[in-house]
Every structure is written in structure tokens, then in C-alpha cells.
1. List, in the order given, every pair from LYS13/LYS164; LYS48/LYS185; LYS119/LYS168; LYS119/LYS227 whose Cα-Cα distance in the structure shown is over 22 Å.
2. Given a Förster distance of 41 angstrom, what is the FRET efficiency for GLU196 paired with GLN171, based on the Cβ-Cβ distance and rounded to 0.05?
3. List the residue ranges in the chain for DSSP H helices whose C-alpha atoms run 18 angstrom or more along the long axis and whose Kyte-Doolittle average is 0.0 or above.
4. Using Cα pairs under 8 angstrom and six or more residues apart, how large is the relative contact order of the chain, in percent?
5. Work out, step by step, the length gained on full extension between ASP145 and SER55: first 0.36 nm times the residue separation, then minus their alpha carbon distance; give nm to one decimal.
6. Shape call for the chain from the C-alpha gyration tensor, a ≥ b ≥ c root eigenvalues: rounded (a/c under 1.5), prolate (a/b greater than b/c) or oblate?
7. Once you keep just the Cα pairs under 8 angstrom separated by 6 or more residues, what percentage relative contact order results for the range 162-235?
8. Would you list THR90, THR143 from fewest to most Cβ contacts within 10 Å?
Amino acid sequence: MNLIIFGPPGSGKGTYSQRIAPKLGIVKISTGDIYREIVKNDKTSFGKMIADILSRGELVPDDITNKILEERISQPDAKKGFILDGYPRTLNQAKFLEGTTKIDAIINIIAPEEILIEKISARRVCSNPKCDGNYNIADINRTIDGVEYLLPPLLPKKDMICDKCGSKLYQRNDDTPEVIKERLKIYEKQTSPVIEYYKKTNIPFVNVHMNRPPNEIVEKILEELKKLNLIKHAS
Ligand code: AMP
């Protein structure tokens, strides 16, 4: 089964796809992760060019991205299927993908800007570079446009101390409302033409509200795939 997941920054799409992939026996493919690996390991002029593009927050040219994606999905581990996270980001990429492989469904994670801003501003991460401790102090319980958002906090046991390694927690300096608003604007501008394009195709397109903790969203996505007869059991 081949899937695409869309979702704004802070919607948790990376987490959901990481959890869904093993349940479906498919692989998660994130072009962002691939590029970060290239920046880390490729010290040639190509690696440096990619590093420059990423540091400016720009998109890597389509011809490079399409080739990288094509190579990745032809690997043996992707034969049973994949979930694409961060690709396609342009119409050119969407059209290239259409000519390369079949997509069975698109999952579009949606959330109001105020919820995303509140949730991202409440992120607290571990200061130990070797630890991936990640917490959230926002406690959201309200209804917006008829959708109930029930997103409890994920607190450390001791205030501002990581449960995993005991190091101090801090707030990333890009997790501020101003920076988040800018990231959401860029996401909207980049992704809306691609989403509009997919809405006009026959590929099943499902909207999933980010209104519950990740384990429940994962179940909701699996339910949607079940409704589409893409899987037999929901978990
Ligand atoms: P992400 O983690 O998905 O936000 O990706 C990090 C960076 O990798 C982006 O800011 C782009 O520079 C690059 N990148 C990731 N996916 C793509 C894509 N589909 N097309 C072009 N550039 C991409």
C-alpha cells in the first residue's frame, strides 16, 4: 500500500507515519530525513549544496528531489509499500510521482492555527543532544467549529527536568508564535496547490482532525484506511 501524508508543522504527521508504517508492513519515507542524512554524511560539493538550501529553508530543486525519491522507492524495503512524509511538495513532484507509482490514499492532517500555535509554543525538549526527550505543557480542552480538541499535556515528572536523562528541558527558540506563524504560512503557500491537485484526482483523500493524542490519531487513520478497504483490521 502506498500512502501520502500531509499536515502542517506541529500536526504530528511524522509521529503518526512512523507508528503506522510498521502496523501496515510498509516503510516511512521522509525526504526531509533523507536530506538531513545527506548533509551529515556527504562532504562533496553536492552535500554542501544541499546543506546550503536546507539552511536557507528553501526547497531542493525538483529534478534532484524526484530522482532521490525514485531511487528510494525502488529499494527492496519499499516493495510492500510506503508512506511519504514531506513529498510531494510541488505540482511538478506530484505529477512525477503520478507517472512513477500508484498512490492508494492521501491522509491530510488538519488543525486550526490557534491549536498548532498553542501546542508548538508549549513544547519543551531535552537539552542533552544525545537524548530525544520531548514534552508538552499545553492542556487543550475546547471546541472549535464543532470539533472537540482534547489534547492533554505530556509533563515531565519533575518541573523542567527530563524523565529520561535528568538534564534540563528548554524551549527551542524557533518554537515561538511568530516563527510558527511564518512556518504555517510557508506550508500553506507550498502545499495548497498540491492538495488542490489531489482533490481533483480519483485517489481517496481523507481529512483527519488533530484533536486527540497521537495514539488515537493513529487509530483514526487506520479506521479510515479500513473504510477504504485498504486494510482488513484497524490495528
Ligand atoms: P522537512 O523535514 O520535511 O521540513 O524537510 C526539511 C528540508 O528538506 C526542507 O526545508 C527542504 O529544504 C528539504 N526538502 C524536504 N522535502 C522536500 C521536497 N519534497 N522538495 C524539496 N525540498 C525538500
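Throughout, read-outs are computed from the coordinates displayed, never taken from laboratory work. Just so you know, these numbers come straight off a predicted model, no measurement behind them. Neighbour counts are summed over all protein chains in view; Cβ atoms, including those assigned to glycine, are modelled from backbone coordinates with ideal geometry.
1. Exceeds cut-off: LYS13/LYS164; LYS48/LYS185; LYS119/LYS227.
2. Numbers: r = 35 Å, r/R0 = 0.85.
Computed FRET efficiency for GLU196 and GLN171 comes out at 0.75.
3. Numbers: long enough: 177-199 (30 Å, -0.89); 214-227 (20 Å, -0.71).
Long hydrophobic helices here: none detected.
4. It rounds to 25 percent for the chain.
5. Details: separation 90, 0.36 × 90 = 32.40 nm, distance 3.70 nm.
Once the chain is fully extended between ASP145 and SER55, it gains 28.7 nm.
6. Values: a/c = 1.56, a/b = 1.18, b/c = 1.33.
Since a/c reaches 1.5 but b/c is at least a/b, the shape of the chain is classed as oblate.
7. Numbers: 23 pairs, mean separation 10.1, N = 74.
RCO, the range 162-235: 14 percent.
8. Values: THR90 19, THR143 10.
Taking fewest neighbouring Cβ atoms as first place, the list is THR143, THR90.
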